[in-house]
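K.L.:
Here's a structure for you.
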Amino acid sequence: MAQKTLRQFSAPSNSHIPTGLNNYQGTDGFEIKTGLVNMVQASPFCGKASEDAHAHLQNFLEVSSIINPRGTTMDNVRLRLFPFSLLGKAKTWFYTYKDAFDTWDACSNAFLVKYFPVGKTNALRNRISSFEQLQDETVPEAWERLQEYIAACPHHGMEEWLIIQNFFHGLNQRSQDHMDAAAGGAFLSLDVAGAKVLIDKIASNQSWKEDRQPAHAKEIYEIDSVNVLAAKMDLLMEKLESLHQVVN
């Protein structure tokens, strides 16, 4: 073999372009259709901080589950399809570590560890544990928002009783009173199953959906404070103007 020149050592080569995985097993006669690839590519994951790795993986699993692999396993199908769902930094990451992805579990778990770091988990868990009802938010709306937080972090590790208890304590006093009344005395006296049944009934009840909170006294106080301050400024300006006229 001829010696390479210095220029050739720096020349690009197609051998440096990664494509797919090298560990296909039992793929005799199996072919991935173009339509399936297009479906996977329709919602690409780029590795940005604003993207939801869990939601991307869920969408990928839903799309890949519609096929019936013949001549191979579903794991092999997913390993072959997954890089088509990635772009940018995420695709670079995949090909950097692809030799370690000998199973779909290894691949998907590594993906979540990379793009769903502990810091993000802690932040989302804190949103669940410190949940508070928003102003002008009904109890059903508050419960729905909490469920969105839980769906965004299914590995939150919090027990169901604690989530429900935190939800109740996060409601304003008026909503807590209504929940106690609906529970026949005290909401916290219910067991977990009973609390869930009651919350589901409340969430589906139209009257609860329309029971919005009135403007807080704090807001009225803030408005009054602005008006008082404006009046004081006007009075001060009048005094300064009078003083100016006396001096002249």
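The values are calculated or read from the model by the stated rules, or taken from the named source; none is laboratory data. Here the structure is a predicted model, which means the values were calculated and not measured. Reconstructed Cβ throughout: ideal geometry from the backbone, glycine too, with neighbour counts over all protein chains shown. In case anyone asks, the SASA skips ligands and DNA or RNA and just uses the protein heavy atoms, side chains included. Shrake-Rupley method; radii C 1.70, N 1.55, O 1.52, S 1.80 Å.
K.L.:
Mind listing the long-range amide H neighbours of Leu86? Cut-off is under 5 Å, sequence gap 5 or more, other chains count too, H placed in the peptide plane at 1.01 Å from N.
P.N.:
Phe45
K.L.:
Set the Förster distance to 45 Å, then compute FRET efficiency between Asn205 and Met74 from the Cβ-Cβ distance, nearest 0.05.
P.N.:
Numbers: r = 42 Å, r/R0 = 0.94.
Rounded to the nearest 0.05, the efficiency is 0.60.
K.L.:
With Kirkwood's inverse mean 1/r over C-alpha pairs for Rh, give me the Rg to Rh ratio of the range 162-207, two decimals please.
P.N.:
On the way: Rg = 9.8 Å, Rh = 10.7 Å.
My calculation of the ratio gives 0.92.
K.L.:
Please compute the per residue accessible area over the range 78-159 with all protein chains in place, 1.4 Å probe, rounded to a whole number of Å².
P.N.:
Numbers: 4180 Å² over 82 residues.
On a per-residue basis, the range 78-159 sits at 51 Å².
K.L.:
Ok, one more. How much of the accessible area of the range 107-211, probe 1.4 Å, is carbon plus sulfur, in whole percent?
P.N.:
Numbers: 2930 of 5600 Å².
C and S fraction of accessible area: 52 percent.
K.L.:
Sticking with this structure for a sec: Assuming R0 = 25 Å, can you tell me the calculated FRET efficiency for the pair Ala151 and Val192, based on Cβ-Cβ distance, to the nearest 0.05? Please list the in-between numbers first.
P.N.:
Numbers: r = 19 Å, r/R0 = 0.77.
Approximately 0.85, to the nearest 0.05.
K.L.:
Treating the beta-carbon of each Lys and Arg as +1 and of each Asp and Glu as -1, no other charges, what is the dipole magnitude of the range 68-161 about its Cα centre, to the nearest 20 debye? List each step's numbers first, then the result.
P.N.:
Details: 11 positive and 12 negative charges, 159 e Å.
Here the size comes out at about 760 debye.
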